[in-house]
Structure formats: structure tokens, C-alpha cells
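What follows is a short report on a single structure.
The values are calculated or read from the model by the stated rules, or taken from the named source; none is laboratory data. These numbers come from a predicted model, not from an experiment. Here the Cβ positions follow ideal geometry from the backbone for every residue, glycine too, while neighbour counts run over all protein chains shown. Ligands, DNA and RNA are stripped out before the accessible areas are found, and what is left, the full protein with its side chains, is counted by its heavy atoms. Shrake-Rupley method; radii C 1.70, N 1.55, O 1.52, S 1.80 Å.
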Amino acid sequence: MKETDSNRIAIIGIIVEEITSAASLNEILHQYGSFIIGRMGVPHHKRGINIISIVIDAPQDTISALSGKIGH
């Protein structure tokens, strides 16, 4: 998809509590890879979670769709 003036920059925060969900999360992120401009993951060993920040440049409906898929 082409960049347009209707695109928005958004930051999506993800907390992964179950490591077994990492493969399905990575598949979702791969589907939206053309919109993702940055990704940072930080393990929080003391709590046993991983924190991921995604920076995305996309139309609002794409951002909402990605957020919805991650939320499931």
C-alpha cells in the first residue's frame, strides 16, 4: 500500500505473558510488516513477561485491525 496523507503514526504496546503465544503474535506482525517502521522487545525476567513496542505508519483502519488481532 502507498503512503498517503491519511496515514497515522501510532505506537502499540504489547505485553506477552505466555511465551507459547509468541509464534502467533509474530505471524500477525509479519502480516503487517509493510506498515511497521520499528519494533523493540524487552524481557522483564523478574515478572516473567516480555514487553514489545511497535511503531506503525498506516491508515487508521489498519492500525485498528492490527490492534484487534493482537488483542485476541
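Per 0.36 nm of contour for each residue apart, how much would the distance between ILE49 and ILE37 grow if the chain were fully extended, relative to their Cα-Cα spacing? Each step should come with its number before you reach the end.
Numbers: separation 12, 0.36 × 12 = 4.32 nm, distance 2.34 nm.
Roughly 2.0 nm would be gained on extension.
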### Query
Karplus couplings for the range 48-57 from phi (6.51 cos²θ - 1.76 cosθ + 1.60, θ = phi - 60°), rounded to Hz, Gly and Pro as x?
x, 10, 10, 10, 10, 10, 10, 9, 10, 10
#### Entry: Sequence-distant residues sharing a close amide H with ILE49 (under 5 Å, placed H)
HIS44
### Task
Enter the accessible area of ARG39 (Å², nearest 10), with the probe set to 1.4 Å and all protein chains included.
130
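Quick check on the chain: helices-only [θ] at 222 nm, where DSSP H runs of length 4 and up contribute -39,500 (n - 2.57) each and the sum goes over total residues. Nearest 500, please.
After summing the helix terms and dividing by the residues of the chain, the value is -9000 deg cm²/dmol.
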### Query
What whole-number value in Å² describes the accessible area per residue of the chain for a 1.4 Å probe?
72
### DSSP-loop GluC sites (Glu not before Pro) across the chain, with at most 13 other Cβ within 10 angstrom
GLU3, GLU17, GLU18
### Query
Across the range 27-37, in residue order, what do the Karplus-derived ³J(HN,Hα) couplings come to in whole Hz, using 6.51 cos²θ - 1.76 cosθ + 1.60 with θ = phi - 60° and x for Gly and Pro?
5, 4, 5, 4, 4, 9, x, 5, 9, 7, 9
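Leaving ligands and nucleic acids out of the surface, order LYS46, LYS69 by accessible area at 1.4 Å, largest first. Before the final figure, lay out the partial values.
Details: LYS46 190, LYS69 90 Å².
If we order LYS46, LYS69 from most to least accessible, we get LYS46, LYS69.
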### Sulfur and carbon atoms: percent of accessible area, the chain [1.4 Å]
54
### Task
Would you kindly state how much longer the chain becomes between ILE19 and ASP61 on full extension, computed as 0.36 nm times their sequence separation minus their alpha carbon distance, in nm to one decimal?
12.3 nm
### Summary
Probe 1.4 Å, all chains present, heavy atoms only: VAL55 accessible area in Å², nearest 10, is 50
